[in-house]
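A short worksheet on the structure shown next.
The values are calculated or read from the model by the stated rules, or taken from the named source; none is laboratory data. Given the structure is predicted, the values throughout are model-derived calculations rather than measurements. So basically every Cβ, Gly included, is an ideal-geometry build from the backbone, and we count neighbours across all protein chains shown. Keep in mind that these areas ignore ligands, DNA and RNA; they rest on the heavy atoms of the full protein, side chains included. Shrake-Rupley method; radii C 1.70, N 1.55, O 1.52, S 1.80 Å.
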Amino acid sequence: MKISNAVEICNLALVRIEQNSISSLDDDSVQGQFCKMVYEQSKSSLLARYNWTFAITTSRLTRLDTNELIDYQYSYQLPADFLRLVGVYSGTDTELIQISGLKPPFILEGDMIKSDVDTIKIKYVKDVDTVATFSPLFVDCFVLDLAIRLTKLFN
(Lines give C-alpha, C1' and ligand atoms only; values in the text may rest on other atoms or scores of the structure.)
Protein backbone atom coordinates (compact mmCIF):
# COMPACT_ATOMS: atom_id res chain seq x y z
CA MET A 1 0.00 0.00 0.00
CA LYS A 2 1.43 3.37 -1.04
CA ILE A 3 1.33 6.02 1.67
CA SER A 4 -0.31 9.14 0.25
CA ASN A 5 -0.67 11.71 3.02
CA ALA A 6 0.68 13.00 6.33
CA VAL A 7 -2.19 11.56 8.36
CA GLU A 8 -1.33 8.01 7.22
CA ILE A 9 2.29 8.53 8.29
CA CYS A 10 1.20 9.90 11.67
CA ASN A 11 -1.22 7.01 12.19
CA LEU A 12 1.52 4.46 11.45
CA ALA A 13 3.68 6.16 14.10
CA LEU A 14 0.78 6.29 16.56
CA VAL A 15 0.07 2.57 16.08
CA ARG A 16 3.72 1.80 16.90
CA ILE A 17 3.38 3.54 20.25
CA GLU A 18 -0.12 2.15 20.92
CA GLN A 19 -2.00 5.45 20.64
CA ASN A 20 -5.33 6.20 19.00
CA SER A 21 -5.29 7.24 15.34
CA ILE A 22 -6.24 10.68 14.04
CA SER A 23 -8.45 11.82 11.16
CA SER A 24 -6.44 14.95 10.30
CA LEU A 25 -3.47 16.99 11.49
CA ASP A 26 -6.03 19.49 12.78
CA ASP A 27 -7.62 16.80 14.97
CA ASP A 28 -8.45 18.27 18.42
CA SER A 29 -7.20 15.16 20.21
CA VAL A 30 -3.91 15.06 22.08
CA GLN A 31 -2.59 12.72 19.38
CA GLY A 32 -3.54 15.19 16.65
CA GLN A 33 -1.98 18.12 18.46
CA PHE A 34 1.26 16.22 19.09
CA CYS A 35 1.46 14.99 15.47
CA LYS A 36 0.94 18.51 14.18
CA MET A 37 3.65 19.75 16.56
CA VAL A 38 6.40 17.33 15.46
CA TYR A 39 5.53 16.26 11.89
CA GLU A 40 7.35 19.02 9.93
CA GLN A 41 10.44 19.01 12.15
CA SER A 42 10.74 15.24 11.93
CA LYS A 43 10.32 15.25 8.12
CA SER A 44 12.79 18.08 7.46
CA SER A 45 15.36 16.68 9.87
CA LEU A 46 15.22 13.22 8.30
CA LEU A 47 15.38 14.61 4.75
CA ALA A 48 18.48 16.64 5.65
CA ARG A 49 20.35 13.61 7.06
CA TYR A 50 20.79 11.70 3.81
CA ASN A 51 20.82 12.15 0.02
CA TRP A 52 17.34 10.73 -0.56
CA THR A 53 17.06 10.30 -4.34
CA PHE A 54 13.41 11.42 -4.44
CA ALA A 55 14.39 14.71 -2.76
CA ILE A 56 17.48 15.63 -4.82
CA THR A 57 17.15 18.37 -7.40
CA THR A 58 19.32 20.92 -9.18
CA SER A 59 18.97 24.67 -9.49
CA ARG A 60 20.88 27.48 -11.16
CA LEU A 61 21.23 30.09 -8.44
CA THR A 62 20.32 33.76 -8.69
CA ARG A 63 23.21 36.10 -8.09
CA LEU A 64 22.49 38.74 -5.46
CA ASP A 65 23.42 42.39 -5.83
CA THR A 66 25.57 43.17 -2.84
CA ASN A 67 28.54 45.44 -2.28
CA GLU A 68 29.26 44.17 1.21
CA LEU A 69 31.25 41.04 0.31
CA ILE A 70 34.71 40.72 1.82
CA ASP A 71 36.18 37.34 0.87
CA TYR A 72 34.31 36.56 -2.36
CA GLN A 73 33.17 38.45 -5.44
CA TYR A 74 29.63 37.04 -5.67
CA SER A 75 26.81 35.79 -3.48
CA TYR A 76 23.90 33.61 -4.57
CA GLN A 77 20.48 33.01 -3.03
CA LEU A 78 19.76 29.42 -1.96
CA PRO A 79 16.32 28.06 -2.94
CA ALA A 80 13.55 28.38 -0.33
CA ASP A 81 13.22 24.57 -0.14
CA PHE A 82 16.99 24.01 0.41
CA LEU A 83 17.88 21.55 3.18
CA ARG A 84 21.28 20.08 2.37
CA LEU A 85 23.98 20.66 -0.21
CA VAL A 86 24.99 17.71 -2.41
CA GLY A 87 27.19 19.44 -5.02
CA VAL A 88 28.20 22.86 -6.35
CA TYR A 89 28.95 23.41 -10.03
CA SER A 90 30.21 26.29 -12.16
CA GLY A 91 28.32 27.54 -15.21
CA THR A 92 30.23 24.95 -17.27
CA ASP A 93 28.92 22.14 -15.00
CA THR A 94 32.38 21.59 -13.50
CA GLU A 95 32.09 20.53 -9.87
CA LEU A 96 33.67 22.94 -7.41
CA ILE A 97 35.58 20.87 -4.88
CA GLN A 98 36.62 22.00 -1.40
CA ILE A 99 40.41 21.83 -0.97
CA SER A 100 41.64 21.89 2.61
CA GLY A 101 44.27 24.45 3.54
CA LEU A 102 43.39 26.84 0.72
CA LYS A 103 40.59 29.35 0.24
CA PRO A 104 37.57 27.21 -0.56
CA PRO A 105 35.88 27.82 -3.94
CA PHE A 106 32.61 28.56 -2.11
CA ILE A 107 31.14 28.90 1.36
CA LEU A 108 27.63 28.48 2.70
CA GLU A 109 26.57 31.41 4.82
CA GLY A 110 22.99 31.74 6.06
CA ASP A 111 20.69 31.44 3.06
CA MET A 112 23.48 32.19 0.56
CA ILE A 113 26.48 30.66 -1.16
CA LYS A 114 29.47 32.95 -1.68
CA SER A 115 32.03 32.30 -4.41
CA ASP A 116 34.37 33.89 -6.94
CA VAL A 117 32.65 31.88 -9.69
CA ASP A 118 30.27 34.04 -11.72
CA THR A 119 27.62 31.35 -12.36
CA ILE A 120 26.65 28.62 -9.90
CA LYS A 121 24.38 25.62 -10.11
CA ILE A 122 23.77 23.38 -7.12
CA LYS A 123 22.52 19.87 -6.53
CA TYR A 124 20.70 19.73 -3.21
CA VAL A 125 18.23 17.91 -1.00
CA LYS A 126 14.97 19.83 -1.02
CA ASP A 127 12.17 19.90 1.53
CA VAL A 128 9.52 17.66 -0.06
CA ASP A 129 5.88 17.98 0.98
CA THR A 130 4.28 15.51 -1.45
CA VAL A 131 4.02 12.34 0.63
CA ALA A 132 3.21 10.20 -2.42
CA THR A 133 6.76 10.84 -3.73
CA PHE A 134 8.45 9.55 -0.54
CA SER A 135 10.41 6.33 -1.02
CA PRO A 136 9.30 3.30 1.03
CA LEU A 137 12.56 3.36 3.02
CA PHE A 138 12.07 7.06 3.82
CA VAL A 139 8.52 6.34 5.00
CA ASP A 140 9.81 3.58 7.30
CA CYS A 141 12.47 5.88 8.77
CA PHE A 142 10.02 8.77 9.05
CA VAL A 143 7.45 6.66 10.91
CA LEU A 144 10.10 5.46 13.38
CA ASP A 145 11.48 8.98 13.93
CA LEU A 146 7.97 10.33 14.44
CA ALA A 147 7.13 7.49 16.85
CA ILE A 148 10.22 8.28 18.94
CA ARG A 149 9.36 11.99 19.07
CA LEU A 150 5.73 11.24 19.94
CA THR A 151 6.70 8.75 22.66
CA LYS A 152 8.65 11.48 24.44
CA LEU A 153 5.59 13.73 24.37
CA PHE A 154 3.21 11.09 25.75
CA ASN A 155 5.48 10.18 28.66
How about the chain: what cysteines have no other cysteine beta carbon under 4.7 Å from their own? Cys141
For Lys36, counting only aspartates and glutamates whose alpha-carbon sits under 12 Å away and dropping same-chain residues fewer than eight positions off, the answer is Asp26, Asp27, Asp28
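Any idea what the relative contact order of the chain is, in percent, if you count C-alpha pairs under 8 Å spaced at least 6 apart?
31 percent
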Estimated Rh, the chain: Kirkwood, alpha-carbon pairs, angstrom: 17.7 Å
Note the angle between two axes, namely the Cα long axis of helix 6-16 and the longest principal axis of the Cα atoms of the chain, as a number of degrees from 0 to 90, rounded to the nearest 10. 60 degrees
Give me the percent of accessible area attributable to carbon and sulfur for the chain, probe 1.4 angstrom. 50 percent
Report, in degrees rounded to the nearest 10, the 0 to 90 angle that the Cα long axis of helix 30-48 makes with the longest principal axis of the chain. 30 degrees
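Could you provide, to the nearest whole Å², the per residue accessible area of region 48-143 with probe 1.4 Å? Please report the intermediate quantities before stating the final value.
Numbers: 5660 Å² over 96 residues.
Result: 59 Å² of accessible area for each residue.
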Which of the aspartates and glutamates could a cross-linker span from Lys114 if the Cα-Cα distance has to be under 19 Å and same-chain partners fewer than 8 positions apart are dropped? Asp65, Glu68, Asp71, Asp81, Asp93, Glu95
Along the charge dipole of region 1-63, Cβ charges K/R +1 and D/E -1, which of Leu12, Cys35, Thr62 sits furthest on the positive end? Thr62
Efficiency of FRET between Tyr50 and Ser23 - r from beta-carbon atoms, R0 22 angstrom, step 0.05: 0.10
